[in-house]
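Submitted below is the structure of interest, expressed as structure tokens.
The values are calculated or read from the model by the stated rules, or taken from the named source; none is laboratory data. All values reported here derive from a predicted model rather than from experimental measurement. So basically every Cβ, Gly included, is an ideal-geometry build from the backbone, and we count neighbours across all protein chains shown. These area figures cover heavy atoms from the full protein model, side chains too; ligands, DNA and RNA do not enter into them. Shrake-Rupley method; radii C 1.70, N 1.55, O 1.52, S 1.80 Å.
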Amino acid sequence: MPYVHRVNGAIVEAFAVLQTGYAEELLPDDNDEVVNFLNPPVAIAAVSARQFKLQLLAAGLLDQVDAWVAQQARDVRIAYEYSGTFVKDSPMMAAGFAALGFPTSAVDAFFLAASKL
């Protein structure tokens, strides 16, 4: 059970022993905040084309994205069709997600889900 230090209500440090005057709140190991703090989500920078397109399918977005890509410049169409890897922060990817109205947190969640396929 860790002792935690908070800033603005969020856990910023965890200790195995009491830190008098600094980290005195004791939380159980299975506390959701503790678990999330000790196991932060991994940032996914890129996924394979297979993972990306299967996640589009799973999210019900494949047809919408295919239609959007079909209306784009030739370089975008070629990149979508022939890329072996889809990089989250690439300009083309950013433009596509923006066109679909995805906030950054949704893009991160999309790539995380795709990385598990």
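Looking at A106, is it at pLDDT below 95 and either hydroxyl-bearing (S, T, Y) or touching an Asp or Glu at 6+ places or on another chain (Cβ under 8 Å) (or both)? Lay out the reasoning, then the answer.
On the way: at pLDDT below 95: yes; either hydroxyl-bearing (S, T, Y) or touching an Asp or Glu at 6+ places or on another chain (Cβ under 8 Å) (or both): no.
So A106 fails the test.
Continuing with the same structure: I need a count of the residues in segment 62-88 that are touching a strand residue (DSSP E or B) at 6+ places or on another chain (Cβ under 9 Å) and open to solvent by 40 Å² or more (accessible area, probe 1.4 Å).
Of the residues in segment 62-88, 3 are touching a strand residue (DSSP E or B) at 6+ places or on another chain (Cβ under 9 Å) and open to solvent by 40 Å² or more (accessible area, probe 1.4 Å).
Filter segment 14-49 down to residues that are under 17 Å from A109 (Cα atoms) and in a helix (DSSP H, G or I) and give me whichever is farthest from the chain's Cα centre (by Cα).
As a first pass, look at segment 14-49 and keep what is under 17 Å from A109 (Cα atoms): 36, 39-49.
Add one more test, that the residue is in a helix (DSSP H, G or I), and what stays is 36, 49.
Numbers: N36: 14, A49: 17 Å.
Filtering segment 14-49 for residues that are under 17 Å from A109 (Cα atoms) and in a helix (DSSP H, G or I), the one farthest from the chain's Cα centre (by Cα) comes out as A49.
A59 versus (1) within 22 Å of A98 (Cβ to Cβ); (2) open to solvent by 80 Å² or more (accessible area, probe 1.4 Å): which is the lone unmet condition?
(2)
If you go through segment 1-54, how many residues are within 27 Å of S90 (Cα to Cα), modelled with pLDDT of 90 or more and open to solvent by less than 90 Å² (accessible area, probe 1.4 Å)?
Here the count works out to 10.
I'm trying to understand the selection: among the residues of segment 51-109, which are assigned to a loop (DSSP other than H, G, I, E, B), more than 14 Å from the chain's Cα centre (by Cα) and without any contact (Cβ under 8 Å) to a residue 40 or more places away in the chain? Can you show your working first?
So in segment 51-109, the residues assigned to a loop (DSSP other than H, G, I, E, B) come out as 59-61, 71-73, 83-84, 88-90, 100-103.
If we keep only those that are more than 14 Å from the chain's Cα centre (by Cα) too, we end up with 59-61, 71-73, 83-84, 90, 100-101.
Residues satisfying the conditions are G60, L61, Q71, Q72, A73, S83, G84, S90, L100, G101.
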